[in-house]
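For reference, the structure is listed below as structure tokens.
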Amino acid sequence: MRIGVLCSGGDSPGMNAAIRGAVLRGVDVHGFEMLGFMDGWRGFHDGEYLPLDRLAVRGLSPRGGVILGTSRVPPFPGGRGTPEALRSVAERFRALGLDGLLLIGGNGTQTVARMLSDAGMPVIGLPKTIDNDLDGTDYTFGFDTAVSIAAEAIDRLRTTGESHRRCMVLEVMGRDAGWIALHAGMAGGAQLTLVPEFPETIEQISEWVLSVRDRGRSSLVVVAEGFRLAGSEAGAVGTQVTREGHDGFGRPRLGGVAEVLAPLIEEHAGVETRATVLGHVQRGGPPTAFDRVLATRTGIAAADAVARGQWGMMAGLRGDRIELVPFVEAVGRLKTVPAARYAEARRNFG
Ligand SMILES: Nc1ncnc2c1ncn2[C@@H]1O[C@H](COP(=O)(O)OP(=O)(O)O)[C@@H](O)[C@H]1O
Ligand SMILES: O=P(O)(O)OC[C@H]1O[C@](O)(COP(=O)(O)O)[C@@H](O)[C@@H]1O
Ligand SMILES: [Mg+2]
């Protein structure tokens, strides 16, 4: 069997470990020929790939980034999955002599995987994303690493913030899901955590910051990049803060909400405030041991699924088991922070 591997979307710590897991199992145990396409769908379209054998994946488990590269290059000519576009991907698949494709990606990539699978292509999904916004799995690999890095940033901001009696605002990634913010905030003991799912007013935020100051402490505020203010504050309410330009898929780039929030807190609460945007540091460097193990096991499970011919599935984490879940259970709905999880954290804000 000739099996292709492809990464799409933002990079996520653990992608290399997943490739290694799939190759060690696929090549050494099942006897597949495996190849990895460079830079996502670009390599697939251009026929640029790396043969994947034991040597190619040597020492990969602790390595951040991904040896194949990843991109947001669209799989379909014209960008949308029209019947003609799906047929052209299937034709390319045949021309490359492939028997199956492993797609390493987040919700966007797994949406594409579902479309290809519905069109009859033999595809298996491996769920990665620091955002953890993909259904059909308890956690995606990369998330634990991003949370650990954000929690460390909180620890560091706290000491400088307390020394100056300032309010420190830390912005983390996550698109429309507040998972990184929620977990990092809890791990770092943040005084409040703002997530896209649950807008808050500047008045409420300031009240929390003041109650922290009245206790003689300094506030550490974690804000997810997709957070929107509630209420009537002109200009900043109800909309996400975006940067100039669009990503490879044409979406506006999120980012900068901490810089909008900090002066508003200063104005309303009268507490000196500083903003830090953590940015791509969250995705860089070596994965945590948890992500290495999760990604390796996901790769192994994906190779086993190929050997059994269980196409059209994503290898998701359920409890402590990697289980194959149909794509339909993974995509179509973003996995966001549920009200109960936010309420649990919110009770301790301030
Ligand atoms: N509904 C869709 N139709 C066609 N292509 C899509 C669709 N959703 C995602 N894609 C393609 O898959 C890529 C990866 O998705 P993206 O959301 O960027 O990352 P991730 O898979 O990490 O969530 C996109 O950049 C785009 O090229
Ligand atoms: O690489 P870019 O274009 O700066 O992307 C930034 C976005 O990618 C992420 O880091 C990861 O998102 P995906 O996994 O969906 O690609 C988001 O948290 C963030 O909004
Ligand atoms: Mg995504």
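The values are calculated or read from the model by the stated rules, or taken from the named source; none is laboratory data. Since the structure is predicted, the reported quantities are computational estimates derived from the model, not experimental observations. Quick reminder, even Gly has a Cβ in these numbers, built from the backbone with ideal geometry, and neighbours come from all protein chains shown.
Here is how the numbers come out for the structure above:
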| item | result |
| --- | --- |
| Near pairs, Cβ below 6 angstrom, 6+ apart or cross-chain, from the range 130-158 (over 21 Å from G108 (Cα atoms) and in contact (Cβ under 8 Å) with a residue 12 or more places away in the chain) to any residue that is surrounded by fewer than 21 Cβ atoms within 10 Å (Cβ to Cβ) and not β-branched (V, I, T) | A151/A187 |
| Residue match in the range 114-136 (condition: part of a helix (DSSP H, G or I), within 9 Å of ligand 1 (Cβ to nearest atom) and hydrophobic (A, V, I, L, M, F, W, C)) | yes |
| Close pairs from the range 333-350: first of a type in the set (V, I, T), partner surrounded by 12 or more Cβ atoms within 10 Å (Cβ to Cβ) and in a helix (DSSP H, G or I), Cβ under 7 Å, at least 6 apart | V337/W179; V337/L182 |
| Given (1) touching a residue at least 24 places away in the same chain (Cβ under 8 Å); (2) away from ligand 3 (no atom under 16 Å from the Cβ); (3) among the acidic types (D, E), number of the condition D11 does not satisfy | (2) |
| Given (1) touching a Ser or Thr at 6+ places or on another chain (Cβ under 8 Å); (2) within 12 Å of ligand 3 (Cβ to nearest atom); (3) within 22 Å of M34 (Cβ to Cβ); (4) of a type outside the set (K, R), index of the condition N107 fails | (3) |
| Residue match in the range 209-219 (condition: in contact with a strand residue (DSSP E or B) (Cβ under 9 Å, 6 or more places away or on another chain), surrounded by fewer than 20 Cβ atoms within 10 Å (Cβ to Cβ) and at pLDDT 95 or above) | yes |
| Helices (runs of 4 or more DSSP H) within the range 270-350 that include 2 or more residues within 17 Å of the chain's Cα centre (by Cα) | 289-308 |
| Only listed residue being surrounded by 16 or more Cβ atoms within 10 Å (Cβ to Cβ) and within 16 Å of ligand 1 (Cβ to nearest atom), chosen from V89, V23, V57 | V89 |
| Test: residue in the range 295-309 that is within 30 Å of R243 (Cβ to Cβ), out of contact with any Phe, Trp or Tyr (no Cβ under 9 Å at 6 or more places or on another chain), within 16 Å of ligand 1 (Cβ to nearest atom) and in contact (Cβ under 8 Å) with a residue 40 or more places away in the chain | no |
| Only listed residue being touching an Asp or Glu at 6+ places or on another chain (Cβ under 6 Å) and in a loop (DSSP other than H, G, I, E, B), chosen from G59, G69, G79, G97 | G69 |
| Residue check, L35 surrounded by 19 or more Cβ atoms within 10 Å (Cβ to Cβ), within 13 Å of ligand 1 (Cβ to nearest atom) and in a strand (DSSP E or B) | no |
| Close pairs from the range 49-66: first on the phi > 0 side of the Ramachandran plot, partner charged (D, E, K, R), Cβ under 9 Å, at least 6 apart | G59/R20; G65/D11; G65/R283 |
| Out of R308, R297, R292, R283, sole residue that is basic (K, R) and surrounded by fewer than 19 Cβ atoms within 10 Å (Cβ to Cβ) | R308 |
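One line per residue, one yes/no per condition, for (1) within 16 Å of ligand 1 (Cβ to nearest atom); (2) not hydrophobic (A, V, I, L, M, F, W, C):
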position	(1), (2)
V169	no, no
M173	yes, no
G188	no, yes
P196	yes, yes
I202	no, no
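One line per residue, one yes/no per condition, for (1) within 16 Å of ligand 2 (Cβ to nearest atom); (2) among the aromatic types (F, W, Y); (3) under 28 Å from K335 (Cα atoms):
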| position | (1), (2), (3) |
| --- | --- |
| L86 | no, no, yes |
| F93 | no, yes, no |
| G100 | no, no, yes |
| L103 | yes, no, yes |
| R114 | yes, no, yes |
| T137 | yes, no, yes |
| I149 | yes, no, yes |
| M173 | yes, no, yes |
